[in-house]
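Reading through the structure tokens given below for one structure.
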Amino acid sequence: MKRALITGITGQDGLYLTELLLSKGYEVHGLSRMSGTNNELLGIEGCDSVILHQGDICNYESVLTLIEDVDPDEIYHLAAQSRVASSFEDNFQTFRVNTDSTHYFLSALRRLNHKSKFYFAASSEMFGRVTSSPQNEETAFNPVSPYGISKVAGFQLVKMHREAFGMFVCSGILFNHESIRRPKDFVVRKITSTVAKIKLGLVDSLELGNIDVRRDWGFAGDYVEVMWMMLNRDRAEDLVIGTGESHSLRDVLDVAFKTVDLNWGDYVKINKDFFRPIEVNEVLADSSKAKQILRWSPKVGFNELVQTMVTNDLEYYKKNG
């Protein structure tokens with residue numbers, strides 16, 4: 001039986017990845033910052049079998065001990081300060097969590113001469129203000145946020161350890177991915193949950209920042225499959241993962257409000273306070289390499305994704321008010 005360690009196991013990606021690995025017969029270990037109880041994994045079939053550990057990814061000795069105790073075959077390093085706006089407010093913490101922790105895991109694996117395969121959750125925010133479109137593995141990074149910069153640093157650390165020390169370590173450059181498990185302070189889930197509340201008369205408006213930004217949005221459940229595929233190859237390689245389709249927040253609003261038969265223009269208010277200090281106007285994935293070598297393609301389309309999120313939020317607020 002293979003043994004996997006997931007950092008950030010209670011996040012959106014961690015939950016979907018846990019489900020996937022359990023379905024494949026893995027022994028799953030997770031690192032939790034919270035209670036360390038399996039209540040955080042409720043709703044996942046087989047969650048009682050998941051072994052949770054409490055530890056600090058920003059402490060080298062804690063990371064070293066964790067790897068020794070778990071002795072994993074695969075490590076999925078998903079834990080991150082992933083809110084771009086928050087990274088401007090506290091960039092020191094962003095670098096501690098996103099860059100330092102990655103360095104600690106890589107250094108611990110090297111020090112222990114451990115053969116675990118290592119996956120790092122990189123981000124399309126590394127491309128920033130893009131110089132060419134769509135973006136693939138050869139596109140230059142031009143990050144414009146502390147979050148994006150921290151992810152570039154983590155990405156380069158992974159690449160250096162692979163090339164210099166022959167370690168099986170790789171990065172998935174994942175473009176925006178959403179689901180019903182996304183926290184409500186991320187913009188797409190903010191939209192779908194507020195649309196549900198508007199439909200039920202619980203609130204009367206939705207405040208957003210720049211609705212003209214365009215992103216490549218996919219389904220998180222599709223993307224964790226790629227993470228597993230990347231660590232189950234004979235060769236470690238960094239890959240861009242996305243749908244290859246660009247949509248604006250206006251498109252998200254169109255689909256979300258139409259799902260409940262409303263016109264978004266009657267409810268949406270623009271708040272300049274929500275604009276980023278430096279805006280990334282558009283990113284678009286070229287995942288042709290991943291599709292070729294992994295034979296992977298996304299299963300859930302943009303409209304289905306947004307509609308499912310709205311429907312789920314509507315059912316939730318009908319039951320819980």
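Computed values, structure above
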item: Identified option (computed volume of the Cα convex hull per residue in Å³; candidates (i) 139; (ii) 189; (iii) 130); result: (iii)
item: Contour excess over end-to-end distance, with Cα ends at R250 and T65 and 0.36 nm allotted per residue; result: 61.9 nm
item: Cut-off under 5 Å, modelled amide H: who pairs with F118 long-range; result: I75, V169, C170
item: Zone of N232's modelled label, taken as backbone nitrogen in the range 165-184 under 18 Å from a point 7 Å along Cα→Cβ; result: 169-172
item: Å² per residue, accessible surface of the range 162-321 at 1.4 Å; result: 46
item: Vicinal HN-Hα couplings computed from phi for the range 128-144 (Karplus, 6.51 cos²θ - 1.76 cosθ + 1.60; Hz; Gly/Pro x); result: x, 6, 5, 9, 7, 9, x, 9, 10, 5, 9, 5, 5, 7, 8, x, 10
item: Amide H contacts under 5 Å for I241, placed H, 5+ residues apart; result: I173, L174, F175
item: Phi-based couplings in Hz for the range 172-188 (Karplus 6.51, -1.76, 1.60; Gly and Pro marked x); result: x, 8, 8, 7, 3, 9, 10, 5, 5, 9, 6, x, 6, 8, 8, 4, 5
item: Linear extension gain, D261 paired with M1, 0.36 nm per residue minus alpha-carbon span; result: 88.7 nm
item: Out-of-range pairs (alpha-carbon distance over 20 Å; input K2/K115; K184/K299; K2/K24; K115/K291; K190/K318; K24/K291); result: K184/K299; K115/K291; K24/K291
item: Surface accessible to a 1.4 Å probe, R235 within the full protein complex, Å²; result: 150
item: Degrees separating the helix 146-165 axis from the principal Cα axis of the chain, which is the longest one; result: 30
item: For E178, residues with placed amide H under 5 Å, excluding near neighbours; result: G218, F219, A220
item: Sum of -39500 (n - 2.57) over DSSP H runs of 4+, divided by residues of the chain (222 nm, nearest 500); result: -12500 deg cm²/dmol
item: Cβ-placed point charges (K, R +1; D, E -1), dipole of the chain about Cα centre in debye, nearest 20; result: 140
item: Eligible aspartates and glutamates near K272 by straight Cα distance, threshold 15 Å, same-chain separation 8 or greater; result: E207, D212
item: Of all accessible heavy-atom area on the chain, the percent that carbon and sulfur account for (1.4 Å); result: 46
item: Packing rank of 124-132, 17-25, where each peptide gets the mean count of other beta carbons within 10 Å, highest leading; result: 124-132, 17-25
item: Karplus 3J(HN,Hα) series, Hz, for the range 236-246 with 6.51 cos²θ - 1.76 cosθ + 1.60 (x for Gly, Pro); result: 7, 8, 7, 9, 8, 10, x, 8, x, 10, 10
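The values are calculated or read from the model by the stated rules, or taken from the named source; none is laboratory data. As the structure is a prediction and not an experimental result, all values here were calculated from the model. Methodologically, a virtual Cβ is constructed for each residue, glycine included, from the backbone with ideal geometry; neighbour enumeration extends over all protein chains shown. Just the protein is used for accessible areas: all its heavy atoms, side chains included, with ligands, DNA and RNA removed. Shrake-Rupley method; radii C 1.70, N 1.55, O 1.52, S 1.80 Å.
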